[in-house]
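Coordinate-derived values only; no laboratory data. On a predicted model such as this, the values are computed, not experimentally measured, just so you know. Don't worry about glycine lacking a Cβ; one is built from the backbone with ideal geometry, like all the others, and counts go over all protein chains shown.
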Amino acid sequence: MTSREIVRKALTFGGPERIPMSLPAPYPNDFCFAAPGDDPRHPETGWEEVAPGRWERADEWGNTWARVEGFSKGEVARGALEDWDQLDQIEPPDYDLPERYERVRGGFAAEPEKFKVGAIPGFPFNIARKMRRLDNFLMDVLVEPEKAERLLALVEAQMHHGIRRLAEAGADGIMFLEDWGTQDRLLVSPEVWHRIFKPGFERLCHTAHERSVFVLMHSCGYIYEAMEGMIEAGIDAFQFDQPELYGVDRLADEFGGRTTFWCPVDIQKTLQTRDGAKIEAGARLMIEDLGGRGGGFIAGYYGSNEAIGLDPKWQDIACRAFVKHGAPDLWAHMKNDY
């Protein structure tokens, strides 16, 4: 069974021969990722030190990012749409340009046996909130919803182009990053999410599904109140770095068999214990509870140990546990070496 087949069977609850994984070498990675290239009319700029101790850059949507040290990803300091009067003058980057997908096609062609994931920069909220800045946009959806929805529609049109082009390039799935929660609630009320944002989720998921492309979503924070609506809209997998924020048993009981969870061992609770037995138990629990319905679980890895203040050895314990309990035949060949 190829990596592509393993992931597809996990997403469709078709009984893969082992759990799929997105782990660093020497552990398995069943995925190939690629993202569109730049729109030549909207080139992103690199970081430039504009004042002592302050760096800025511009993204393709016209937002200015800033940081006060030389290594973080920074934050949006000035959105592209500071005044609603500018809305009709916004010229978005063009996600329909075929040349933007040349490297996607090349990357996918180089790894035909892997599950190919094409990246888009978000569903409309993730982009609109940067263009207006988050604090403003959360007010916009309440006090000027018609303008907010016009901006969301402008962004959505480009994301439909992106999904279609990625499907043409050979994507098995599309993935987007859209943080919707704080540590204990949605950023907006459930009613607002369902009224203003769910229709866009439905339309974009439909564009993907009618091309047999899965929809994979990363979100930080606690988004429980929107998850049912997201599943109804068509989200095939949630990439969560903090599954214990909900409780693995709760995710399994309420959503198991209907969507897939793609997770590392919880980065804030379990990994932070620095207890090998608890880390292994956390990995095994997700395999058995989330992946115990003929699919439904993908083993993940948090990309920056430095960002969560951990020695890499703790995630290495998690990786070994994922292979040991989720791919026992593979573990039989690896265990003496690792």
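Structure summary
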| quantity | calculated |
| --- | --- |
| Pairwise label distance in nanometres, residue 51 with residue 258, each label 7 Å out on the Cα-Cβ vector | 5.0 |
| In nm, spacing of pseudo-spin labels at residue 210 and residue 113 (7 Å Cα→C-beta vector) | 3.6 |
| Inter-label distance for residue 335 and residue 146, nm, one decimal - labels placed 7 Å from Cα along Cα-to-Cβ | 6.7 |
| Rel. contact order, % - alpha carbon contacts under 8 angstrom, at least six apart, the chain | 18 |
| For the chain, the fraction of alpha-carbon pairs in successive 20 Å shells from zero, as % | 29, 59, 12, 0 |
| Using distinct alpha-carbon pairs, which all enter the 1/r mean, Kirkwood radius of segment 1-109 in Å | 17.7 |
| Segment residue 250-residue 88, length gained on full extension (0.36 nm per residue, minus Cα span) | 53.8 nm |
| Of the DSSP H helices in the chain, those whose Cα atoms cover at least 18 Å axially and whose Kyte score averages -0.5 or more | 145-168, 276-289 |
| Shape category assigned to segment 290-336 from the gyration tensor of Cα positions, a/c cut at 1.5 | oblate |
| Over the chain: helical MRE at 222 nm, DSSP H runs n ≥ 4 each giving -39500 (n - 2.57), nearest 500 | -11500 deg cm²/dmol |
| Tensor-based shape of segment 115-246 (alpha-carbon gyration tensor, a/c under 1.5 rounded, otherwise prolate or oblate) | oblate |
| Three principal axis lengths of segment 18-78 [C-alpha, angstrom, descending] | 51, 29, 16 |
| Per-pair calculated FRET efficiency, R0 = 22 Å: residue 134 and residue 306 via Cβ, rounded to 0.05 | 0.30 |
| Set of lysines with alpha-carbon distance to residue 278 below 28 Å, sequence-local pairs under 8 removed | 269, 313, 324, 335 |
